[in-house]
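Every number in this text was worked out from the coordinates using simple rules, so none of it is lab data. Here the structure is a predicted model, which means the values were calculated and not measured. In this analysis, Cβ positions are derived from the backbone assuming ideal geometry, glycine residues included, and neighbour counts consider all displayed protein chains.
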Amino acid sequence: MDTYDLITRNAEEVVTDEEVRDLAADPAGKRVYVGYEPSGVLHLGHLLTANKLIDLQEAGMDVVVLLADVHAYLNGKGTFEEIRDTAEQMKAQFVAYGLDEERSEFVYGSEFQLDEEYTLDLHELELSTTMNRAQRAMAEIQGDETAKVSHLVYPLMQALDIEYLDLDLAVGGLDQRKVHMLAREKLPELDYEVRPAIHTPIVADLTTGEGKMSSSEGVTISMEDSTAELEEKVNSAFCPPTRDPEGDLENPVLELFEYHVFPRFEEITVERPEKYGGDLTYESYEALAADLESGDLHPADAKSTLAASLDELIAPGREKLRELRA
């Protein structure tokens, strides 16, 4: 796989393709980041973007993980002491999951977001940004919660973070798209350069195939799940043998194979008794998806293999959580 393909693997959107191709031509030492609110145990939403960070490290880039304690405070996630305790746990989980610690810089937002220069730049953005524009940028992150003034400041800070962390590339889920577009619009007003962005997909709800998988609603998979809990969740997942002809429903089992399993394993083996055709080995997501749709792979066999693969991926983080809580 060439560098550009590795950088953009499983990306839902690249902004802009030309800028990312320029990065791919000389990726060594370039700085890429994702910002995370320290909000608890890592779940598959965190790990999808972490998979992309691992790809980018493999491509030669240096990773910056923003542990966004000020953002979490603005979003009502607790006191700074509580938020920082959670952030330290998250840092340990990311390293256990597979981020190269030597090439990963973990930064608290409060290390620079309370400085005078940053604050003055933030006020400058506040002066030039309408309330409607700020709220549009925050809407998908905020959800149905009634907007507060802190929610309007939040995306302006995210735009500034891209400058103050000296980044070459921003990564986030597709729900971060409007924030990154705001940054591209507003940073030039402060004589700062725009940076490209890569947006990862949003995995569908595990049990219905609709909407998105959420840690606050419905079922999600996290690093604190036991092997038995993970198997139960995957076995109950929505997994139709054929694609929805209307295009309204996704297959979350296939999405988890595509975005979580195949980026981390060169091949996977579906273990089956000889009377059911024996083992199947796949080196690509496309081959597995084709066999599921044709009927050569039964959904139950796909689910058992998915559960085992995810369990292998999160096991180091689960063990790290146990150590931290002991």
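When the dipole is taken about the Cα centre of the chain, and only Lys, Arg (+1) and Asp, Glu (-1) are charged at their Cβ, what size is it in debye, to the nearest 20?
600 debye
Could you work out how far apart the two model spin labels at Asp2 and Asp100 are, taking each label as a point 7 Å from the Cα in the direction of the beta carbon, and quote it in nm?
The answer from the label model is 2.2 nm.
For region 267-305 and region 109-178, what is the separation of their Cα centres, given in Å?
What the calculation gives is 44 Å, centre to centre.
Per-residue ellipticity at 222 nm for the chain, helices alone: DSSP H runs ≥ 4 residues times -39500 (n - 2.57), over residue total, nearest 500 deg cm²/dmol?
Rounded to the nearest 500, the figure is -15000 deg cm²/dmol.
Residue farthest toward the positive end of the dipole of the chain, with Cβ of Lys/Arg at +1 and Asp/Glu at -1: which of Phe238, Tyr192, Thr269?
Value computed over the given set: Phe238.
With a cut-off of 8 Å between alpha carbons and a minimum separation of six or more residues, what is the relative contact order of the chain in percent?
RCO, the chain: 19 percent.
I need the peptides 287-297, 11-21 ranked by packing, meaning the mean over residues of other C-beta atoms within 10 angstrom, with the highest value on top.
Ranking the peptides 287-297, 11-21 by packing returns 287-297, 11-21.
Most exposed first by the Cβ proxy, i.e. fewest other Cβ within 10 Å, how do Phe106, Phe262 rank?
Phe106, Phe262
Listed highest first by mean packing, meaning other Cβ atoms within 10 Å per residue, what order do 314-322, 111-119 come in?
Final packing ranking: 314-322, 111-119.
Out of residues 5 or more away from Met213 or on other chains, whose amide H comes under 5 Å of its own, with H placed 1.01 Å from N in the peptide plane?
Val203, Ala204, Asp205
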